[in-house]
Amino acid sequence: MHPMLTIAVKAARRAGGIINRASQNLDLLHVSKKSHSDFVSEVDGAAEEAIIKTILDTYPNHSILAEESGTQGDQEQPEFLWIIDPLDGTTNFLHGFPQYSVSIALMHKGVLNQAVIYDPTNDELFVASRGRGAYLNDRRIRVSKRTKLSDSLIGTGFPFRDFTHMDAYMAMFKDIAPRTVGIRRPGSAALDLAYVAAGRYDGFWEIGLAPWDIAAGCLLITEAGGLVGDLEGNETHIECGKIVAGNPKVFGQLLQVIAPHLTPELTSKSKTTN
Ligand code: IPD
Ligand code: CA
Ligand code: CA
């Protein structure tokens, strides 16, 4: 295993331990609200601190972009940038709904290089290194082989905090749902992307994500033979947070169904985030 991936795995497992322990006593948690439907608990903070400490203890000069504590080190042109979501699916976690994950990605000179997504409830560890494939608990994973959207299980995330694109999203949903065998919305975008990489879903789309939700999942998918892009299939997804993913065939078919519903703000050219 690449030494930087080893550190990422160590960090993710530490965070997972903190999350699992806290899940035994949800009633004791202190929770605060960042904005409408946006909660953060002391577990998010503690898990993030453990991850950052693990990374910086070994690589003190690396840069950090983390959901709860923000940035550390050079963000303009960082040689190494770690992108961290310590607990993806906080709302699920707070409700005892066992679908959440730790997501850690490493970018080297702007290119995704290492990725870990860890599901502490099921002890499922998804990892990828650029050019080396994607793995779930040491077994190689690949995207599904289904060629038709009409045979596909599709994951998504619908708006629940920011409703700016609700109408466009619902129009996409209305068009996509009857063309598939089913749609799922479990509530952790990072884990959703890991599931695309593992072939559990054939495709996925969501609007309004942050880099820490998707960076690791994107590398997992491409290393598993899949494709990822924004709503037009272009490579702006990490910055803009609008994402379509899937095996190559289903990715193309999802883009076709989405295309008629794109408002100007949802195109690749739009500078707006989320
Ligand atoms: C959220 C989850 C969810 C997605 C949201 C994210 P958080 O992350 O990934 O599936 O729909 O947009 O913000 O806030 O629980 O880390
Ligand atoms: Ca998240
Ligand atoms: Ca989070």
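Taken over the stretch 188-234, the residue count meeting the criterion of being more than 10 Å from ligand 1 (Cβ to nearest atom) and either among the polar types (S, T, N, Q) or in the same structural domain as residue 51 (by TED's automatic domain parsing) (or both) is 2. Considering only the stretch 94-101, I want to know if a residue exists there that is outside the structural domain of residue 160 (by TED's automatic domain parsing), over 20 Å from residue 188 (Cα atoms), surrounded by 14 or more Cβ atoms within 10 Å (Cβ to Cβ) and not aromatic (Phe, Trp, Tyr). Within the stretch 94-101, not a single residue is outside the structural domain of residue 160 (by TED's automatic domain parsing), over 20 Å from residue 188 (Cα atoms), surrounded by 14 or more Cβ atoms within 10 Å (Cβ to Cβ) and not aromatic (Phe, Trp, Tyr). Residues in the stretch 73-113 that are within 9 Å of ligand 1 (Cβ to nearest atom) and in a helix (DSSP H, G or I): 90, 91, 92, 93.
On the basis of being closer than 17 Å to residue 135 by Cα, touching a residue at least 60 places away in the same chain (Cβ under 8 Å), touching a helix residue (DSSP H, G or I) at 6+ places or on another chain (Cβ under 9 Å) and not acidic (Asp, Glu), does residue 197 make the cut? Spelling it out, residue 197 is indeed closer than 17 Å to residue 135 by Cα, touching a residue at least 60 places away in the same chain (Cβ under 8 Å), touching a helix residue (DSSP H, G or I) at 6+ places or on another chain (Cβ under 9 Å) and not acidic (Asp, Glu). Touching a strand residue (DSSP E or B) at 6+ places or on another chain (Cβ under 7 Å), modelled with pLDDT of 95 or more and not β-branched (Val, Ile, Thr), is that true of residue 67? Against the criterion (touching a strand residue (DSSP E or B) at 6+ places or on another chain (Cβ under 7 Å), modelled with pLDDT of 95 or more and not β-branched (Val, Ile, Thr)), residue 67 qualifies. Screening the stretch 184-231 for residues that are over 20 Å from residue 93 (Cβ atoms) and of a type in the set (Val, Ile, Thr) and picking the one that is nearest to ligand 3 (Cβ to nearest atom) gives 207.
The values are calculated or read from the model by the stated rules, or taken from the named source; none is laboratory data. On a predicted model such as this, the values are computed, not experimentally measured, just so you know. Note that we place each Cβ from the backbone using ideal geometry, even for glycine, and neighbour counts take in every protein chain shown.
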